[in-house]
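Chemist: Following this message is one structure expressed as structure tokens.
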Amino acid sequence: MLNIQDLYVQIKDNMILKGLNLSIKPGEVHALMGVNGSGKSTLVKTLSAHYDCEVKKGTLKYKNNNLLNLDVTQRANEGIFMSFQNPIEIAGINNMYFLKTALNAKRAYLKQKAMNAATFLKHVKELTKRFSLHNDMLKRDLNEGFSGGEKKRNELLQLLVLEPNLLLLDEIDSGLDIDAIDVVAKAINSLLDGKRSVLMITHYERMLKQIKPDYVHILEGGKIIQTGDYSLAVKLGEEGFKNIGLDRGDKNETA
Amino acid sequence: MKLLDFEFNKHIELPSKNDESYKKFDFTRLYSNTYKVKPTQNQSAKQYDYLSHKDFYILFLHNSIQETGKSTLCSHIQYHTINKESFDSKNTWTQLAQSFIELDNCLHITKTLDKPLLIINTFSLSNSLLCPSLNIKLDNNCTADILEVFITNNKGACFLNVNRVFNLAKNATLDYSKSENLKHEDIIVFNYSSSFLNTSSLVINSIDSHCAQILNHWDIVLNSVDSIITINALSHIRANENVANIASITHNNINTSSHIQIKHILRDQTKALFEVKTKVNKSALFSKVIQSSTATLLSNETTINANPKLEIYTDNLEAKHSATCGNIDEEQLYYLQSRGITREKAEEMLIESLENEIFLKIKNPLCQSYLLWFKGKTHV
């Protein structure tokens, strides 16, 4: 699904990722952990072609194609979905209209027939009912005036509608209460059909308990320094980064 | 005949670049076109029947003459013509229109309207200069929603110099919205002026787009206690079109309020002028003044000249003014694209979102949805 070799990424004048290697096979769930500023968010933003991230070196292959040849829109339509740590508010764009436009953009890219409004509405309402999401969100403008939790739920709804192949979850559980984390986990698990893959960033063990990762990676200084299974996340939860030789710094959280 | 060559110009000095307000205004097109003053060509208005709507009272004016068969008014909406009244205005365009017309058209609303009034102005005259004028009067305690639209279907450039005078009596509230669908080469000048009595409120929503040249001129005097003027305007232009929003607001009494918010969306080689001057006199204690110009520049070749000006002679008031310009928000664009939407479509959605902010300020849902339809954004 995804193969990253010797990746160097710069934001402005700072080299954030320094020789990162990672391989994700179809159906695998990977968790990315690390102190603030270690490069977790930069990695998922790079995979989603964020304009801040400049790839200086390395290869990025997705479904055996060179990801660097695809722009942000193409990557999304090829099945890469990044849930934002801080989803953007856009007043004046109705959420339902946005979701329908995004879905039909993907269908057009895949040369499928556009979904009409009635079918789309029915489909979305089934999803909101199944995953206990408020229909009210659909009527409002995109993330405008949403609480932190509502924004994350809206990211989840987009994810469910677009059914991506590679889910990049950048702290999708932050700002959510315990019940909401359970809903998010349930929704993500429902998408895991053995073909879809997940790369998730989280600080909460509760999320990892419910979406059990196949691999847990620790990122430090722009590269993966340790890889283990779920037990590594448990160890981190119990002992913290300090006791495995890493300090929580005051570096930029978004890096 | 060119505008500068008309006889009425003997007493009226048309604006030029020497005038402070018009320094950045491009007069080339306005003064170089040739127009007929008393056009004889008069096509039927039948082609405009589609503009009527059963949920509105309708005042249908074709080439400034009422089409009684197409108008559906009620007993408390009186439309009539009277002998021209002298009207003191410093605005040259208003003076020009006054010198041009022989009778004043008056719209008198005597009671609160149970549904909005739609004024449809259609023009089928070619290469012509027209000065459609209308005095809109609301009696005490009246509330009304008025939506006014202007449509041309002519060959050659048309110049419309539109005069609107609002007279609001005590406790009257008027929500007035206007827009136009003109031929690309047409030029339109709107002259709005108003006088207020106690606690009356006027909201003007102005949606302008796709016209060679658009000039909005607001001349408002707040003479009475508690009177309020709100102007929400959207100017979305492209190619080599240009737009000017010029306002002169004077606060003369206590607790008066003026709020002007103008959004510009500028493409290609367009030019925009925002020239708003609010004067708060000593007698206008506790006044509230807001001036705001925002411009989204969608091209490197477009320009805006924004001058929000405050002239304050009293100590106790609340006033703020701002003028901002910038491009489409890159992070918003990225967010939409990250969901598979193309850059072009994402830009279109974001521009629409800017427009929607002004459309949503139209309180009456019928007026709002009609205007969205009129501007080709949705279906009623």
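The values are calculated or read from the model by the stated rules, or taken from the named source; none is laboratory data. Predicted model only: the values in this text are computed from it and were never measured. In this analysis, Cβ positions are derived from the backbone assuming ideal geometry, glycine residues included, and neighbour counts consider all displayed protein chains. In case anyone asks, the SASA skips ligands and DNA or RNA and just uses the protein heavy atoms, side chains included. Shrake-Rupley method; radii C 1.70, N 1.55, O 1.52, S 1.80 Å.
Chemist: Would you check which residues across the stretch A:134-189 are touching a residue at least 40 places away in the same chain (Cβ under 8 Å) and either hydroxyl-bearing (S, T, Y) or more than 22 Å from A:I80 (Cβ to Cβ) (or both) and list them?
Modeler: Those that are touching a residue at least 40 places away in the same chain (Cβ under 8 Å) and either hydroxyl-bearing (S, T, Y) or more than 22 Å from A:I80 (Cβ to Cβ) (or both): A:M137, A:L138, A:K139, A:R140, A:D141, A:E144, A:G145, A:F146, A:S174, A:V183, A:K186.
Chemist: Looking at the structure I just gave you, is B:A295 away from every other protein chain (no Cβ under 14 Å) and of a type in the set (G, A, S)?
Modeler: Working: away from every other protein chain (no Cβ under 14 Å): yes; of a type in the set (G, A, S): yes.
In short, yes.
Chemist: Working only within the stretch B:253-264, note down all residues that are touching a Lys or Arg at 6+ places or on another chain (Cβ under 9 Å) and surrounded by fewer than 24 Cβ atoms within 10 Å (Cβ to Cβ).
Modeler: Initial filter on the stretch B:253-264 (touching a Lys or Arg at 6+ places or on another chain (Cβ under 9 Å)): B:255-259, B:261.
Residues satisfying the conditions are B:N255, B:S257, B:H259, B:Q261.
Chemist: Can we say A:L70 is farther than 21 Å from A:E171 by Cβ, under 20 Å from the mean Cα position of the chain (by Cα) and open to solvent by 30 Å² or more (accessible area, probe 1.4 Å)? Before the answer, list the steps.
Modeler: Details: farther than 21 Å from A:E171 by Cβ: yes; under 20 Å from the mean Cα position of the chain (by Cα): yes; open to solvent by 30 Å² or more (accessible area, probe 1.4 Å): yes.
The answer is yes for A:L70.
Quick grid of which residues meet (1) polar (S, T, N, Q); (2) open to solvent by 40 Å² or more (accessible area, probe 1.4 Å); (3) over 30 Å from B:L360 (Cα atoms):
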residue	(1), (2), (3)
A:L121	no, yes, no
A:N143	yes, no, no
A:E155	no, no, no
A:V161	no, no, no
A:P164	no, no, yes
A:G175	no, yes, yes
A:A180	no, no, yes
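Chemist: Looking at A:Y215 and the list (1) of a type in the set (F, W, Y); (2) open to solvent by 60 Å² or more (accessible area, probe 1.4 Å); (3) out of contact with any strand residue (DSSP E or B) (no Cβ under 6 Å at 6 or more places or on another chain), which single condition is not satisfied?
Modeler: Of (1) of a type in the set (F, W, Y); (2) open to solvent by 60 Å² or more (accessible area, probe 1.4 Å); (3) out of contact with any strand residue (DSSP E or B) (no Cβ under 6 Å at 6 or more places or on another chain), only one is false for A:Y215: (3).
Chemist: Are there any pairs with C-beta distances below 9 angstrom linking a residue in the stretch A:36-52 that is away from chain B (no Cβ under 14 Å) and at positive phi to a residue that is in a loop (DSSP other than H, G, I, E, B) and of a type in the set (K, R), with the two at least 6 apart or on different chains, and if so which?
Modeler: A:G37/A:K251
Chemist: Residues to consider are B:S179, B:S124; find the one that is within 24 Å of B:Y57 (Cβ to Cβ), open to solvent by less than 10 Å² (accessible area, probe 1.4 Å) and more than 17 Å from the chain's Cα centre (by Cα). If you could, list the steps in order and put the result at the bottom.
Modeler: On the way: B:S179 fails: more than 17 Å from the chain's Cα centre (by Cα).
Being within 24 Å of B:Y57 (Cβ to Cβ), open to solvent by less than 10 Å² (accessible area, probe 1.4 Å) and more than 17 Å from the chain's Cα centre (by Cα) holds for just one of B:S179, B:S124, which is B:S124.
Chemist: Something else about it: Among the residues of the stretch B:357-366 satisfying the criterion of being open to solvent by 30 Å² or more (accessible area, probe 1.4 Å), touching a strand residue (DSSP E or B) at 6+ places or on another chain (Cβ under 9 Å) and not in a loop (DSSP other than H, G, I, E, B), which is farthest from the other protein chains (Cβ to nearest Cβ)?
Modeler: In the first step, residues of the stretch B:357-366 are kept if they are open to solvent by 30 Å² or more (accessible area, probe 1.4 Å); the result is B:357, B:360-361, B:363, B:365-366.
Filter once more, keeping what is touching a strand residue (DSSP E or B) at 6+ places or on another chain (Cβ under 9 Å): B:357, B:360-361, B:363, B:366.
Okay, now just the ones that are also not in a loop (DSSP other than H, G, I, E, B), so B:357, B:366.
Numbers: B:E357: 5, B:L366: 19 Å.
Once the filter is applied, the top-ranked residue is B:L366.
Chemist: Which one of these does A:E28 not meet: (1) under 26 Å from B:A346 (Cβ atoms); (2) open to solvent by less than 70 Å² (accessible area, probe 1.4 Å)?
Modeler: (1)
Chemist: Taking the stated definitions as given, is A:E89 open to solvent by 10 Å² or more (accessible area, probe 1.4 Å), within 21 Å of the chain's Cα centre (by Cα) and within 14 Å of another protein chain (Cβ to nearest Cβ)? Let's see the steps before the verdict.
Modeler: Details: open to solvent by 10 Å² or more (accessible area, probe 1.4 Å): yes; within 21 Å of the chain's Cα centre (by Cα): yes; within 14 Å of another protein chain (Cβ to nearest Cβ): yes.
Answer is yes for this residue.
Chemist: So, one more: Out of (1) more than 23 Å from the chain's Cα centre (by Cα); (2) farther than 29 Å from B:L215 by Cβ, what's the single condition that is false for B:N83?
Modeler: Every listed condition holds for B:N83 apart from (2).
Chemist: Can you find even one residue in the stretch B:305-322 that is of a type in the set (A, V, I, L, M), more than 14 Å from every other protein chain (Cβ to nearest Cβ) and surrounded by 17 or more Cβ atoms within 10 Å (Cβ to Cβ)? Steps first, please.
Modeler: So in the stretch B:305-322, the residues of a type in the set (A, V, I, L, M) come out as B:306, B:310, B:312, B:317, B:319.
Right, trim to more than 14 Å from every other protein chain (Cβ to nearest Cβ) and you get B:306, B:310, B:312, B:317, B:319.
The next check asks that each one be surrounded by 17 or more Cβ atoms within 10 Å (Cβ to Cβ); those that pass are B:306, B:317.
Scanning the stretch B:305-322, I find at least one residue that is of a type in the set (A, V, I, L, M), more than 14 Å from every other protein chain (Cβ to nearest Cβ) and surrounded by 17 or more Cβ atoms within 10 Å (Cβ to Cβ), so the answer is yes.
Chemist: Taking the condition of being under 20 Å from B:T152 (Cβ atoms) and either of a type in the set (D, E, K, R) or free of Cβ contacts under 8 Å to residues at least 60 places away in the same chain (or both), how many residues in the stretch B:56-70 meet it? Working first, answer last.
Modeler: Looking only at the stretch B:56-70, we keep the residues that are under 20 Å from B:T152 (Cβ atoms), and these are B:58-67, B:70.
Filter once more, keeping what is either of a type in the set (D, E, K, R) or free of Cβ contacts under 8 Å to residues at least 60 places away in the same chain (or both): B:65-67, B:70.
Adding up the residues that qualify gives 4.
Chemist: Under the condition of being out of contact with any Lys or Arg (no Cβ under 8 Å at 6 or more places or on another chain) and charged (D, E, K, R), which residue from the stretch B:56-113 is surrounded by the fewest Cβ atoms within 10 Å (Cβ to Cβ)?
Modeler: Checked the stretch B:56-113; the qualifying residue surrounded by the fewest Cβ atoms within 10 Å (Cβ to Cβ) is B:D88.
Chemist: While we're looking at this one, here's another question. Looking at the stretch A:92-118 only, could you name the residues that are within 16 Å of A:L160 (Cβ to Cβ), of a type in the set (A, V, I, L, M, F, W, C) and facing another protein chain (nearest Cβ under 10 Å)?
Modeler: Residues satisfying the conditions are A:F98, A:L99, A:A102, A:L103.
Chemist: Quick check on the stretch B:63-83. Is at least one of its residues of a type outside the set (V, I, T), at pLDDT below 90 and closer than 18 Å to B:R164 by Cβ?
Modeler: Yes: one or more hits.
Chemist: Looking at B:S194, B:S177, which one is over 20 Å from B:V243 (Cα atoms), polar (S, T, N, Q) and not in a loop (DSSP other than H, G, I, E, B)? I'd like the intermediate steps shown before the answer.
Modeler: Working: B:S177 fails: over 20 Å from B:V243 (Cα atoms).
Just one listed residue meets the conditions, B:S194.
Chemist: Taking the stated definitions as given, is B:S369 surrounded by 17 or more Cβ atoms within 10 Å (Cβ to Cβ) and at pLDDT below 95?
Modeler: Details: surrounded by 17 or more Cβ atoms within 10 Å (Cβ to Cβ): yes; at pLDDT below 95: yes.
In short, yes.
Chemist: Okay, moving on. Could you list all residues from the stretch A:138-185 that are over 18 Å from A:L208 (Cα atoms) and part of a strand (DSSP E or B)?
Modeler: Once the filter is applied, which keeps residues that are over 18 Å from A:L208 (Cα atoms) and part of a strand (DSSP E or B), the stretch A:138-185 yields A:D141, A:L142.
Chemist: Of the numbered conditions (1) within 30 Å of A:M15 (Cα to Cα); (2) modelled with pLDDT under 90; (3) out of contact with any Gly (no Cβ under 9 Å at 6 or more places or on another chain), A:Q210 satisfies every one except a single condition; which is it?
Modeler: Result: A:Q210 fails condition (1) only.
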